[in-house]
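Participant: Sharing a structure with you now.
The values are calculated or read from the model by the stated rules, or taken from the named source; none is laboratory data. A quick note: this is a predicted structure, and the numbers were derived from the prediction, not measured. Every residue, glycine among them, receives a Cβ derived from its backbone with ideal geometry; neighbour counts consider all protein chains shown. Surface accessibility is based on the protein's heavy atoms, side chains included, excluding ligands, DNA and RNA. Shrake-Rupley method; radii C 1.70, N 1.55, O 1.52, S 1.80 Å.
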Amino acid sequence: MKLQALLGRRRVALNLALQGGGAHGAFTWGVIDALLEDGRWTIPALSGSSAGAINAVMLAQGLQQGGTDGAREQLQEFWTRLAACVPLTVTARAGHEGGLTPPMRLALQWAQMLSPYQFNPLDLNPLRELLGRLVDFDRLRDRAAPRLYIAATHAGSGRLRLSRNADLSLQALLASTCLPNVHHAVDIDGQPYWDGGFAANPPLLPLVFDERCADTLLVLLSTLDLGSAPRSAEGIRARMMELAFGGPLGRELQVLHEARSRLGGTLWPRGRLERKLMRARLHCVDGGDLLAEFGEHTRWSIQLGFFHRLRDLGREHARRWMIEHGAAVGRRSTMAMHGKKD
């Protein structure tokens, strides 16, 4: 019965914009897994920053190599290997899944007090070897691969650097994940780059102006509505980081909303870009409020059990979104340009 229903279901194109958030990216893994399991979606293009960039690359490579099953296996392999490549003494359960052991807490304290050029002079990064083994960048440059837009931030100017399939490399992917208080700046063509979330988290405009697909699903790990201003020192520090990594998306949404409002009130003929902008449809799976309950420190929690918990929560959210909004894809937006649900 399920197979018959699947065969009779139309395939719908849906771009994915994947936000960064450290270990919370396992939530996005779950969202993607549920979308792939559902079977009705084709994914022509993806954008991402930091953990979102890694999820995007794993999904694109898996789809090209082995279709839906290959993509699900590729994502599972990455998150499983990531948990295995960090010493057990750092990631062992501490009170609950997502808790931090004393060595991990000490490492985070060092990151607040010392430069990575001091406490990590050799720039040790487990991701470098892991991504080097798992990602075939030559295959991703094939024209049959889903289109990729991977963000990094120029450390000298704050400018966005977008790596597409043709120029995507291990350095570009590492740059997208480079937190400057943990790792040395990543050199690309003699220029230093930091985490892509400072400039675009995730990049949205490339998908809005995409040639082949008008629908984009944002998978958010930080909510757009942060609530009232905090008053405690810890709360203020946390809010500063939230604004640093969430502000770029809020600004993109604001610009898109204002541009569409202006275009909607004009009688002048619209050009190609204007038509793309007006036909763009946005959708959102927002895990921000849920993930905030785990605490900011759990973004550093490299535990397979915690990854599985977040994956399952992501699958649950994605299934709920598909039930409530899946039928609207290809017809209308379910998230307004100003970031609120319609």
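Participant: I need the full set of residues from segment 149-168 which are without any contact (Cβ under 8 Å) to a residue 24 or more places away in the chain, in contact with a strand residue (DSSP E or B) (Cβ under 7 Å, 6 or more places away or on another chain) and not in a loop (DSSP other than H, G, I, E, B), in order please.
Facilitator: Within segment 149-168, just S163 meets the criteria.
Participant: Could you please find all residues in segment 43-69 being open to solvent by less than 10 Å² (accessible area, probe 1.4 Å), over 20 Å from W300 (Cβ atoms) and free of Cβ contacts under 8 Å to residues at least 60 places away in the same chain?
Facilitator: Across segment 43-69, the qualifying residue is only G62.
Participant: Which numbered condition in (1) touching a helix residue (DSSP H, G or I) at 6+ places or on another chain (Cβ under 6 Å); (2) open to solvent by less than 80 Å² (accessible area, probe 1.4 Å); (3) modelled with pLDDT under 85 is the only one that N120 fails?
Facilitator: (1)
Participant: Shifting gears a bit: If you go through segment 270-287 one residue at a time, do you hit one that is in a helix (DSSP H, G or I), small (G, A, S), open to solvent by less than 60 Å² (accessible area, probe 1.4 Å) and modelled with pLDDT of 85 or more?
Facilitator: Within segment 270-287, none of the residues are in a helix (DSSP H, G or I), small (G, A, S), open to solvent by less than 60 Å² (accessible area, probe 1.4 Å) and modelled with pLDDT of 85 or more.
Participant: For a quick check of your reading: which helices (runs of 4 or more DSSP H) sit entirely within segment 6-101 and have at least 3 residues that are closer than 20 Å to G287 by Cα, β-branched (V, I, T) and at pLDDT 95 or above?
Facilitator: Those helices (runs of 4 or more DSSP H) span 25-38.
Participant: Looking only at segment 224-269, how many residues end up being open to solvent by 30 Å² or more (accessible area, probe 1.4 Å), at pLDDT below 85 and under 24 Å from C178 (Cβ atoms)?
Facilitator: 9
Participant: If T216 satisfies all but one of (1) assigned to a helix (DSSP H, G or I); (2) under 15 Å from the mean Cα position of the chain (by Cα), what's the number of the condition it fails?
Facilitator: (1) is the only condition that T216 fails.
Participant: With respect to D195, is the statement that it is surrounded by 18 or more Cβ atoms within 10 Å (Cβ to Cβ) and touching a Cys at 6+ places or on another chain (Cβ under 7 Å) true?
Facilitator: Criteria met by D195.
Participant: Related question: If we scan segment 138-147, do we find a residue that is open to solvent by 20 Å² or more (accessible area, probe 1.4 Å), touching a strand residue (DSSP E or B) at 6+ places or on another chain (Cβ under 9 Å), of a type outside the set (F, W, Y) and part of a strand (DSSP E or B)?
Facilitator: Checked against the condition, which is being open to solvent by 20 Å² or more (accessible area, probe 1.4 Å), touching a strand residue (DSSP E or B) at 6+ places or on another chain (Cβ under 9 Å), of a type outside the set (F, W, Y) and part of a strand (DSSP E or B), segment 138-147 yields at least one hit.
Participant: Oh, and also: Of the residues R81, R72, only one is over 20 Å from E129 (Cβ atoms), touching a residue at least 12 places away in the same chain (Cβ under 8 Å), open to solvent by 40 Å² or more (accessible area, probe 1.4 Å) and not hydrophobic (A, V, I, L, M, F, W, C); which?
Facilitator: None of the other options fit; the residue is R72.
Participant: Residue by residue through segment 290-342, note down the ones that are out of contact with any Cys (no Cβ under 9 Å at 6 or more places or on another chain), of a type in the set (V, I, T) and at pLDDT below 95.
Facilitator: If the condition is that a residue be out of contact with any Cys (no Cβ under 9 Å at 6 or more places or on another chain), of a type in the set (V, I, T) and at pLDDT below 95, then T298 is the only one that fits.
Participant: Next up: Does segment 13-42 hold any residues that are open to solvent by 10 Å² or more (accessible area, probe 1.4 Å) and over 27 Å from G247 (Cβ atoms), and which are they?
Facilitator: Those that are open to solvent by 10 Å² or more (accessible area, probe 1.4 Å) and over 27 Å from G247 (Cβ atoms): A13, D33, L36, E37, D38, G39, R40, W41, T42.
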